[in-house]
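The values are calculated or read from the model by the stated rules, or taken from the named source; none is laboratory data. Every value quoted in this text rests on a predicted model; they were computed, and no experiment measured them. Here the Cβ is made from the backbone with ideal geometry for all residues, glycine too, and neighbour counts use every protein chain on show.
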Protein chains: 2
Amino acid sequence: MLTVDEARTRILADLKPTPPETVALAEAWGRVLAAPVIARLTQPPSDVSAMDGYALRAVDGTLGAALTVIGSAPAGHPFAGRVGPGESVRIFTGSVIPDGADGVLIQEDAERDGDRVTVREAVQPGRHIRRTGQDFAAGEAVIAAPRRLGARDIGLAAAGNHPWLAVHRRPRVAILATGDEIALPGEPIPPGGIISSNAHALAALVRAGGGEPCVLPIAGDTVEAVGTVADAVAGMEMLVTTGGASVGDHDLIIEGLKRRGLELDFWKIAMRPGKPLVFGRLGAVPCLGVPGNPVSAIVCAVLFLLPALARLSGLPAAPPPVAQGIAGATLPANDARADHLRARLRIDDAGQLVATPFPVQDSAMLKRLAHADALILRAPHAPALPPGAPIAMIRLDTLGI
Amino acid sequence: MLTVDEARTRILADLKPTPPETVALAEAWGRVLAAPVIARLTQPPSDVSAMDGYALRAVDGTLGAALTVIGSAPAGHPFAGRVGPGESVRIFTGSVIPDGADGVLIQEDAERDGDRVTVREAVQPGRHIRRTGQDFAAGEAVIAAPRRLGARDIGLAAAGNHPWLAVHRRPRVAILATGDEIALPGEPIPPGGIISSNAHALAALVRAGGGEPCVLPIAGDTVEAVGTVADAVAGMEMLVTTGGASVGDHDLIIEGLKRRGLELDFWKIAMRPGKPLVFGRLGAVPCLGVPGNPVSAIVCAVLFLLPALARLSGLPAAPPPVAQGIAGATLPANDARADHLRARLRIDDAGQLVATPFPVQDSAMLKRLAHADALILRAPHAPALPPGAPIAMIRLDTLGI
């Protein structure tokens, strides 16, 4: 049996980032930057005031001095002249410091009377002045690639004068559910049948991972149906199948896809829930087969599909983010398979994250998985742990999953 | 001066969740559920097998017994007859347990030869059988509202046979930037001008918070321009303005909006960066005015706009999520204003989150804010802290911000 890490490493090694596309800045939030953002201007573009007040020569700004106000320079309306001895210009936060001035008398320390202003607190040269390029300089790489762009990055790219950005294309992931027993929600349910939940959960998970899901029509349990549906995946970045990947007589997906050229590995992974996983290629399209059991399908998707989406989106190959916390109950010793205990989270009085597993961990209980906040990671052969022991977990509540 | 908590409480008290709308299940990911999801069927709908194997009467499943295989029942194809003494039916994971059977001989413990199967490990009654309703029962509220729907919720709603869900409408937030000195990225920059970055950062933050941004055209520094633009916000859930909210001569936004009926409070908040905040109503539309300074604008948006978006989206009124970590450097004693130190995060060998503030915290340095992972929260008058001391923070890296 493979370990979870071995399987993930093999999958990720086989994936390449999507090519870039150009998108409008306003559409770039959440996308993965494909090329560094190079500032096209210097910020601030000249020395500007950090406060509302008066620009003057600092040597004139002695306590009690009175200066003539020779003009005003709101932000965006620089003063055209020069500040000479005994002169000042009314300025505001963001105003360009006029030529000749090297000090700012802030409003709170100024007493204005007509065209005269009196200094009530001595001015320090350079104080309250933001220097040219204090934030960044033209030509500087202000955002490195790859990076998933947050709101602050969008603001920074705007400030660097970029109306367009190069981002990786969203990976398109086809999702194929199979089985004569499954029906779409709201459609007639065959005798002994159940509703298809995996395809929709996986599609939402693809969205959460920044991809574009394409849910294929449900394929019935015939080799031909699978093969026909498989034709629809050319040009996709990945095919995810669910169901049919057991050791029983009904491995029809695999048979069907093999007839269409699928090269695959059938892996048994030392994990719970999960275990059987299929990975291979259908022509140029990587294929990941997760179990049909809904809890196993989602846990496998968190462990393997989310990192695959990140990699396809241009981010480095990496496991899902792991958080630290403490056990909220006794955890029994683990067997040879890595376990992923569905757990609720709470924050204790000390501010620590306490993860308490549900007492029953049946892999068919989708409701319980949906109500979980985290998966506690239990390594193979991990010893029993008392309540309060440190544990590692994958948080589901912050992943959109 | 108001505290951050007082200001947030006042803002949130004034906001009401948007009404519900019906969306297709496939479009419901990330939306806030407006009514509980009541399961429309029982899951599993009948007793089903948890394993591949043979259904039989448990009393017949003694070690070494040989039974006749009278049929096969793949998932979705229930066996029509009844299992009698000495008989068995081939079944698979998810297959309905046929009438008469109360035990499952798993495949690994079965020896098949033609239409006979021999028991190699005694069968326990009820073992490997998932009982009707083990996951949930028809009529049960499987997802409570309000809740932001993750991928697992989508799967659970599908399993409960819901092709449509009632969710709160995305709050529409108009964003108004003002100032003669600002230009859109890629457009000609006026003398002494800068690029408008706040509107785009705020729009992305609105998306991150589940809202729909509407960036209004930049209003010049005239009262009339503001008033004209303000006409465009009728029917919006919120107006966010940026810039113009200083104590200087250029409070044109406020003047402009007042002429259009704005009722507002001008608040000074005991916080850094930030301080001036405007909150009020323009007719039925709540208005939030954040500072023009890009760092202050984004920090104020994290503290006030994100919780407002959550509340408008139907979620409870609450502050942004706070995480615990430890200080990566000495933190000086704080003054009377709550501080929000821009910090990088790393995970130390013990798995703890270490937040190290940038040495310079100038509120005009957007690049530094964009490179930060978290805001370390420093309460008013907080004492100095040594490296390694516990601290609270708002993580920006996981909020899409």
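Just one of the listed residues (B:94, B:126, B:139) is small (Gly, Ala, Ser), farther than 22 Å from residue A:243 by Cα and either at pLDDT below 95 or crowded, with 22+ Cβ neighbours inside 10 Å (or both), namely B:126.
Can you report the number of residues in the stretch A:339-361 which are under 26 Å from the mean Cα position of the chain (by Cα) and in contact (Cβ under 8 Å) with a residue 12 or more places away in the chain?
12
Residues that are within 13 Å of chain B (Cβ to nearest Cβ), crowded, with 21+ Cβ neighbours inside 10 Å and at pLDDT 75 or above within the stretch A:225-284 comprise A:240, A:242, A:243, A:273, listed in sequence order. Listed by first and then second residue, the pairs linking a residue in the stretch A:33-54 that is over 25 Å from residue A:121 (Cβ atoms) to a residue that is basic (Lys, Arg), with Cβ atoms under 6 Å apart and 6 or more places separating them unless they lie on different chains, are A:33/A:147.
Beta carbons closer than 8 Å, at least 6 apart along the sequence or on distinct chains, pair a first residue in the stretch B:293-311 that is small (Gly, Ala, Ser) with a second that is part of a helix (DSSP H, G or I) and surrounded by fewer than 24 Cβ atoms within 10 Å (Cβ to Cβ) for B:308/B:11; B:308/B:12. For the condition modelled with pLDDT of 95 or more, more than 30 Å from residue A:45 (Cα to Cα) and more than 14 Å from every other protein chain (Cβ to nearest Cβ), residue B:332 qualifies. A residue that is over 28 Å from residue B:32 (Cβ atoms) and of a type in the set (Lys, Arg) can be found somewhere in the stretch B:128-149. Of the residues making up the stretch A:362-401, those that are within 18 Å of residue A:352 (Cβ to Cβ), part of a loop (DSSP other than H, G, I, E, B) and in contact (Cβ under 8 Å) with a residue 60 or more places away in the chain are A:387, A:388, A:389.
I'd like the residue in the stretch A:342-361 that is among the aliphatic types (A, V, I, L, M) and assigned to a strand (DSSP E or B) and, out of all such residues, is nearest to residue A:295 (Cα to Cα).
Per the stated criteria, the residue is A:343.
Evaluate the following for residue B:309: is it closer than 21 Å to residue B:172 by Cβ, within 13 Å of another protein chain (Cβ to nearest Cβ), out of contact with any helix residue (DSSP H, G or I) (no Cβ under 6 Å at 6 or more places or on another chain) and at pLDDT 95 or above? Criteria met by residue B:309. Can we say residue A:151 is within 11 Å of chain B (Cβ to nearest Cβ), in contact with a His (Cβ under 7 Å, 6 or more places away or on another chain) and crowded, with 24+ Cβ neighbours inside 10 Å? Here the answer is no, as residue A:151 does not meet what is asked.
Residues are listed down the side, and each one gets a yes or a no for (1) among the hydroxyl-bearing types (Ser, Thr, Tyr); (2) under 26 Å from residue B:146 (Cα atoms); (3) in a loop (DSSP other than H, G, I, E, B):
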residue	(1), (2), (3)
B:299	no, no, no
B:303	no, yes, no
B:306	no, yes, no
B:309	no, yes, no
B:314	no, yes, yes
B:333	no, no, yes
B:336	no, no, yes
B:340	no, no, no
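At the interface with chain A (Cβ under 9 Å from one of its Cβ atoms), of a type in the set (Val, Ile, Thr) and within 16 Å of residue B:99 (Cα to Cα) - does that describe any residue in the stretch B:45-52? Looking through the stretch B:45-52, at least one residue is at the interface with chain A (Cβ under 9 Å from one of its Cβ atoms), of a type in the set (Val, Ile, Thr) and within 16 Å of residue B:99 (Cα to Cα). For the stretch B:361-374, the set of residues classified as surrounded by 20 or more Cβ atoms within 10 Å (Cβ to Cβ) and away from chain A (no Cβ under 11 Å) consists of B:374 only. For residue A:141, the stated conditions hold: it is within 22 Å of the chain's Cα centre (by Cα), within 13 Å of chain B (Cβ to nearest Cβ) and among the hydrophobic types (A, V, I, L, M, F, W, C).
With within 30 Å of residue B:366 (Cβ to Cβ) and either in contact with a helix residue (DSSP H, G or I) (Cβ under 8 Å, 6 or more places away or on another chain) or in the same structural domain as residue B:53 (by TED's automatic domain parsing) (or both) as the only criterion, which of B:212, B:108 stands out? Don't jump to the end; show me each part of the working.
Values: B:108 fails: within 30 Å of residue B:366 (Cβ to Cβ).
Of the residues listed, the single one that is within 30 Å of residue B:366 (Cβ to Cβ) and either in contact with a helix residue (DSSP H, G or I) (Cβ under 8 Å, 6 or more places away or on another chain) or in the same structural domain as residue B:53 (by TED's automatic domain parsing) (or both) is B:212.
Taken over the stretch A:93-132, residues that are over 12 Å from residue A:61 (Cβ atoms) and β-branched (Val, Ile, Thr) amount to 5.
Return yes when residue A:30 is at positive phi, under 36 Å from the mean Cα position of the chain (by Cα), crowded, with 17+ Cβ neighbours inside 10 Å and modelled with pLDDT of 95 or more and no when it is not. So residue A:30 passes the test.
Quick check: anything in the stretch B:157-171 facing chain A (nearest Cβ under 7 Å), within 19 Å of residue A:157 (Cα to Cα), in contact with a helix residue (DSSP H, G or I) (Cβ under 8 Å, 6 or more places away or on another chain) and of a type in the set (A, V, I, L, M)? Checking the stretch B:157-171: not a single residue is facing chain A (nearest Cβ under 7 Å), within 19 Å of residue A:157 (Cα to Cα), in contact with a helix residue (DSSP H, G or I) (Cβ under 8 Å, 6 or more places away or on another chain) and of a type in the set (A, V, I, L, M). All of (1) within 18 Å of residue B:274 (Cα to Cα); (2) more than 11 Å from chain A (Cβ to nearest Cβ); (3) out of contact with any Phe, Trp or Tyr (no Cβ under 6 Å at 6 or more places or on another chain) hold for residue B:288 with one exception: (3). Does at least one position in the stretch B:148-167 carry a residue that is within 18 Å of residue B:27 (Cβ to Cβ) and touching an Asp or Glu at 6+ places or on another chain (Cβ under 7 Å)? Yes; the residues of the stretch B:148-167 include at least one that is within 18 Å of residue B:27 (Cβ to Cβ) and touching an Asp or Glu at 6+ places or on another chain (Cβ under 7 Å). For the stretch A:23-37, the criterion of being farther than 25 Å from residue A:144 by Cβ and of a type in the set (A, V, I, L, M, F, W, C) is met by none of the residues.
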